[in-house]
Amino acid sequence: MKIHHLLGACLAAGLLAGCVHGEMFPRDYLAQDIDRQQALLELDVAFEQAPDYKLTSRSSARADGSLEYSGAPHIVVPFYQKGLGFDQGFAGTYIFAVVYPVAKVETATASSRVFGQQVDASQQGGQRYRFRVPGKAQWNSNETFMLSFARKDRREEITFRFSNEKSCPSAFKAITPRYGFPISVSATFKDGKGCLKVCDSRDQYPGFCAFQPPPAA
């Protein structure tokens with residue numbers, strides 16, 4: 001009965017603000033399977049030293065049987081949404097307690113992983129990859145993402161922040177924070193205007209910046 005009360009309240013509130021539901025596992029894509037016109041930006045990365053590339057796939061635990069990838073450079077793109085969630089409230093005595101839902105505003109998170117397309121795949125030791133940052137229906141972009149790769153099994157991550165509203169030079173060289181691997185990045189935005197910058201990562205939150213500075217001028 002308590003579950004029915006919560007679901008009923010969520011349904012009623014959902015007509016006004018929507019209930020939030022986080023996703024347990026990221027959804028995997030190949031960069032070339034994302035429509036370029038729908039992507040928030042396209043990112044070209046040139047590694048000075050070729051990263052490990054052993055792309056494998058398997059059926060994921062999702063009900064739709066989508067594929068889960070591993071073993072190749074990829075980006076992790078977080079999303080969020082705000083809506084109503086519910087706690088349990090109690091009234092009465094400890095013997096005759098009545099349970100009722102208490103509405104509260106919650107933030108749910110989800111993420112996508114996009115595995116890069118080798119631009120120079122015909123060459124031995126390919127060092128150039130292309131990624132596309134997708135949008136997600138009914139979710140808000142956090143305007144950040146993390147590039148993750150390995151070089152001789154040394155795993156490296158570097159986080160970026162972008163804007164589709166402001167413009168700035170978005171082709172530059174960077175040094176990864178842990179092992180100091182040199183990379184060159186270049187971002188192309190769907191509307192021809194945008195800004196890409198490196199940011200400090202937020203510990204234990206892949207794809208999030210440690211702080212959100214004002215939009216780049």
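Computed from the Cβ-Cβ distance with R0 of 30 Å, the FRET efficiency linking residue 70 to residue 175 stands at 0.75. With bins 5 Å wide beginning at 0, the percent of Cα pairs of region 126-217 falling in each bin runs 3, 12, 23, 25, 21, 11, 4, 1. Over 19 Å apart at the Cα level, from the set 82/197; 166/197; 136/190; 54/173; 166/190; 82/166, are 82/197; 54/173; 82/166. Among the chymotrypsin sites (Phe, Trp or Tyr not before Pro) in region 155-217, those located in a DSSP loop and surrounded by at most 16 other Cβ atoms within 10 Å of their own Cβ are 179, 211. Other residues lying with their Cβ under 13 Å from the Cβ of residue 162 contribute a combined charge of +2, Lys and Arg counting +1, Asp and Glu -1. For region 37-80, trypsin sites (Lys or Arg not before Pro) are listed when DSSP marks them as loop and at most 13 other Cβ atoms sit within 10 Å of their Cβ; the list is 54.
Values quoted throughout were computed directly from the atomic coordinates according to the rules given, and no laboratory measurement underlies them. Bear in mind that the values here come from a model prediction, so they are computed numbers and not experimental data. Here Cβ is always computed from backbone atoms with ideal geometry, including for glycine, and neighbour counts include all displayed protein chains.
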